[in-house]
Structures are given as C-alpha cells and as structure tokens.
1. Residue-wise, which Karplus ³J(HN,Hα) couplings in Hz belong to segment 160-170, taking 6.51 cos²θ - 1.76 cosθ + 1.60, θ = phi - 60°, and x for glycine or proline?
2. Quick one: which of K42/K344; K54/K268; K54/K126; K42/K287 span more than 26 angstrom between C-alpha atoms?
3. Calculate how many DSSP beta bridges within the chain are antiparallel, expressed in % of all such bridges and rounded to the nearest 5.
4. Once the Cβ-Cβ distance between D44 and T179 is put in as r, and R0 is 35 Å, what FRET efficiency do you end up with, to the nearest 0.05?
5. Which order do D166, D330, D203, D73 fall in if you start with the one that has the fewest other Cβ atoms within 10 Å?
6. Is it possible to state the helix-based mean residue ellipticity at 222 nm for the chain, with each DSSP H run of 4+ residues giving -39500 (n - 2.57), the sum divided by total residues, to the nearest 500 deg cm²/dmol? What is it?
7. Apply the Karplus curve 6.51 cos²θ - 1.76 cosθ + 1.60, θ = phi - 60°, to the phi angles in segment 202-210 and return the couplings in whole Hz, x for Gly and Pro.
8. What are the ³J(HN,Hα) values, in whole Hz, obtained from phi via the Karplus relation 6.51 cos²θ - 1.76 cosθ + 1.60 with θ = phi - 60°, for each residue of segment 87-98 in sequence order, with x given for Gly and Pro?
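Values quoted throughout were computed directly from the atomic coordinates according to the rules given, and no laboratory measurement underlies them. This one's a predicted model, so the numbers in the text were calculated from it and none came from an experiment. Glycine gets a Cβ as well: all are built from the backbone with ideal geometry, and neighbour counts include every protein chain shown.
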Amino acid sequence: MAFERIDELLHNATAGGALHGVAATVVDRDGVLYQGAAGDAKPDSMFRNASMTKAVATTAALQLVEQGRIDLDAPVASIVPEFGELQVLERFEGREPVLRAPRTQATVRHLMNHTAGCGYHFLNEKLYAYCNEKDFPHPLSGVKQSLSAPLVHDPGTVWEYGVSTDWLGMVVEAVSGQTLADYLAEHIYRPLGMTDSTFDPSDEQRARLLPIRFRAPDGSLVPTDLDLPAQPEWDAAGHGSYGTVADYGRFVRAWLNGGELDGARILKQETVELALRDHLDGAPLPKGMEPTIPELARPVELLDVPQGWGLGFHLYLVDLPGMRSAGSADWSGLFNSFFWIDRKAGIGAVIATQLLPFFDDKMVATILGFEAAVYAELASA
C-alpha cells in the first residue's frame, strides 16, 4: 500500500500554514503500513501524549486485574484510602461551595470508564468555580493536591471526564509497589519496544519535542507558554507521558493483536475483549463538552450515533461509513493527538500535532481526511 494521499494531506496541512507540524502512522496486526511527518515534525519527533496516556495506564491496571491483584468492582478507597475522603460538590450558596458525602462508592471499574464522579476544572463549571474560589490547584499545574478536588457527581451515575485515570495510576502504584513510570517501563514500554516512551524525557528527547503552538483568534499559529510542568509531583496517569507516534503505534498494534506484539504478551485475549465492551451500565454520555477555559479546549460535539466507554477507551458502537468499524476504540490528547483501534478491520492509526486549544478546526479536518484516506486505501487494495 502506498498511502501517497496521506503524504499529500500532511504536506498540504503544513505547507498551507494550517499546522506547524504533524506526524502519523497506520498499522495492522503484522506491521507498519504507513509512517510519515510534515512541517516541523519529523518521524522521530517527541510528542506530549497528554490524555493518550490514559489508555496505557489503564492497560497497566488491567494486567493487575488479570493477576487477581485488583478487582474491577473493589472500592477505590479500599486500595487508595485518600479517595474515600473526597466529597461531592453539590452546589454553591453565594460564593461558598456546599459539599456532601457521596451516595455511592467509586470502584476501579468506575475509574476506568470515567463514571467515578471526578472532573476537570477546564470542562466543568462547578469545579472551575471551586478551584477559583478556593485557589485550588489544577492537574496541569503538576501539584498532586489537584487530584483531591471534590467529586462533581455521585460515582456510577454519569460519565464525566476528569482525573479518574490519575487515581487509577495511584491504584497501580499501591498494588504493584512501583512508581507508575517504573511499572509502565517494565511491563509495557520495554516488552512492546516503545523505546522513546517516558514520563521524564532526557535532554536528547526534549530536543526532539515538537513545540506547542496556539491558534490565535486570527487563525495564525503563535508560540505559547502553556505546557506540561517539567517536574510534576506525581506520574500523571491521566496526561503525563511523552513518546513518538511510532511508539504509540506499537501499543495500538498490541491491542489489535489481542494483547500481544512480536512475541511479547501484555494482556490476555479475553482481557482485551472485556475492555473493548461498553461498561457504562446505563450511565449517560454527554452530547458534547463545553470547556470553561477557551485557551485549552474548544467545544466538542459528539457524533449523534451510539457510543460507549469500555475500560480505558471510548467506543463507537456502529460502523462509520467509509471510516472505522463498530466496536472501534479511540481517544485523544489535549495537544491535538488522536488514535483509533479497529479490531474488526484489523487496522489502527495515530496522528498528532502539538497545538492548543484542543479540537482545533484545522486539525479536526486533517484527522477526518486522514481516516478517510486510510480506509479508501484499504478498500482499493
């Protein structure tokens, strides 16, 4: 397969100034079908994975589930007692927040499917107001106290995007006795040959890190000081890893192959199948997300088709014509990086830039063109 149309797509996006740099890879179960980069990005460019860290950290927790060391339905507080101290932010009376005890207990499964009640300050108005009123740190500050912000829902009732996976990372640390960075290095990165994946980039890796650009109101791309902290207080399972597109493509291939890559098995086939089923149990998904901080994210509208959440992944539950198949898993990262895993078609892909705010129009158009080109190439092969 030549995939020349993807080279052209990436080149046009950067040559025309829509993006400053973009890299992509397309993989199947047997290998790499395409790898390319354009603009300021190179094939070995390092990227801030941001929320694409979540799927890898969840894989670590699933390994411990397989080993019988974690029960999906165990209360989080039985493993990480600090979680049991969190209260629900009910409302405000004037400027004073009203907190109460949660009516239900969050489980490990709730952390994996984002129904634990945790939020993000830049996506939830109540939490944003709380952080401002109490001068409370937020997760992108690198301050670990940020994870102890109040819950915004009772666990198990509503899908809400937030710091659930950061708490899941602390579950992994408590059970394994290792830091999350050390656990992932030993049990995922090394077995899969993800040689550039890390929570603490070396000077050489930082020299390959694609700089972040900000989309100004006039559409131009300008430098920005917004970035991940260089020395965070914890290994952030929700957003803290770095790596190359090629590295993440190896992770995608392992999931395409039912948990195995090049003789290294990181999960059992049945665990992969369990994780890629909907686990929302009736908890509703929102129709979109309305950010509170426009510099970080633009409004996100979800496609009006059946969707769900598995263990660590968003799922499309129907075929998308000319694109991915029903049951496909995916997610993205704050700096406009995206991946999907289509086990039915045996195909997966990663595409990334480093641009704020999230869900940039021009990057979204590039992603849609990229996915359409991938499946058109498959159809013509």
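1. 9, 7, x, 8, 3, 5, 4, 5, 4, x, 6
2. From K42/K344; K54/K268; K54/K126; K42/K287, over 26 Å: K42/K344; K42/K287.
3. Taking every DSSP beta bridge with both residues in the chain, the antiparallel ones total about 90 percent.
4. With R0 = 35 Å, the Cβ-Cβ based efficiency is 0.85.
5. With the fewest neighbours first, D166, D330, D203, D73 line up as D203, D73, D330, D166.
6. Rounded to the nearest 500, it is -8000 deg cm²/dmol.
7. With the stated coefficients, segment 202-210 comes to 6, 4, 5, 5, 5, 5, 9, 6, 5 Hz.
8. 10, 8, 7, 6, 5, 10, 10, x, 9, 9, x, 10
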